[in-house]
Structure formats: structure tokens, C-alpha cells
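Values quoted throughout were computed directly from the atomic coordinates according to the rules given, and no laboratory measurement underlies them. Everything numeric in this text was worked out from a predicted model, so none of it was measured. In this analysis, Cβ positions are derived from the backbone assuming ideal geometry, glycine residues included, and neighbour counts consider all displayed protein chains.
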């Protein structure tokens, strides 16, 4: 039995997906959530095998939710199920911990197959999303931004991406915690980011990580 949580901000979508999945005896929908914050609570309580997650969610975005699930519930595999088609977003979702990316116009049989593939350790990605991701990776960022960042800043970005705290970064680089904070505030300004997750996602998009 594959235990699933469905995360989407539209109730009719959640109910429809749940009905499709529960029509097959191998699937059990153990919870639903309308936003990212609620999804974390439901996942902590139900310990599902799979979370079907939309990219656009209130309170906590689907991408940020992937980061949280990867850290707090690594046993739960995330399959993005969305209507949003963008190569860079696919890349950000995968880097955030999602194991697959499927569009909402998928046939019910294909959705069930994608979940089975996910549980087997495969990474189902809609062919259209895969093509856009490949195109985005080939084209790269619009401009080379690497020369705007010092080696120390890039080093700190990499440690942030690893999940280290300011204190841990300071210990790793022999810097004071206040110095690390100053570096990070400067990175936020350069990356136009408001938090660590945004900074890491933008750094990935710009090819810094």
C-alpha cells in the first residue's frame, strides 16, 4: 500500500486527485492540505510515502515545502503535480528535493504510473517539462553574474545550501558569527533575496552553485 498526501490550494482539485488515486487498491490517501504550512503538519502526523505537491501554495510555496520535507521527513518522496510549466522552476524543485515533476493535464493512468515509478526510486518528469529544463540549462542565465561575487561569498552560499547555521559556517571558515551574518546580508542584497531558501534558489538559477 502506497500512502499519499495531496497538497493543493483548490479543494476540488484535491478531492479529484484523491478519488483518482483511491480508485486503485494499491493507493491510500492519508491526508490532504490546502497550503504548505498545513502540509507539513499533515506529513508529520501521517508519515506518507509520497506527497503530491503543487508549486504555487499559500503560506509556504511548493519549492520551500520541498526543502522542509527533505529535512524533516526524508522518508516522504515529493512528486510535483502542477499546471506551471517553466524549466527553471522544474530545476529549482528538483534541487529542493522533489523526485518528480508532472503536469495537471496528465491522464489518471499516467499519474498512477508516475507514483509507482517514484516509489521504485525513479524520477518521473513530464516530457514537456524535461525539454524546457534542458533548454534552460543550455541557455543558462541571461548574464554571467559570477564575477559579481567573491570566492568567499560563493563559499558561504554553498554552505548555506548544505543547511549549515551561521555559527557552523563561522566554525567551518574560521569567521565570527557576526561576520557571517554580514556576508549573508550582503548576499541577500546581491541576489535580491529575503531568506536563505530564496538566496539558494537564485544562486542555483544564476549558476553559482
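Miscellaneous remarks
- Taking every Cα-Cα distance in the chain and sorting them into 5 Å bins from zero, the calculated P(r) comes out as 1, 7, 15, 17, 17, 14, 11, 8, 5, 3, 1, 0 percent.
- Based on DSSP H segments of at least four residues, each scored -39500 (n - 2.57), the chain has a per-residue ellipticity at 222 nm of -16500 deg cm²/dmol.
- Helix 177-191 vs. the chain, principal-axis angle (Cα, 0 to 90°, nearest 10): 70 degrees
- Size descriptor, Kirkwood hydrodynamic radius, that averages inverse alpha-carbon separations across the range 35-111, Å: 12.3 Å
- Against the chain, whose longest principal axis comes from its Cα atoms, helix 196-205 is set at around 90 degrees.
- Folded to 0 to 90 degrees: helix 62-72 orientation relative to the chain principal axis, Cα: 90 degrees
- The residues 91, 120, 3, when put in order of fewest to most other Cβ atoms within 10 Å, stand as 120, 3, 91.
- Kirkwood Rh in Å, taken over all unlike Cα pairs in the range 1-76: 12.1 Å
- Tail beyond 13 Å, pair distance distribution of the range 146-205 (Cα, percent): 56 percent
- Between the range 76-106 and the range 170-209, the Cα center-to-center distance that results, in Å: 25 Å
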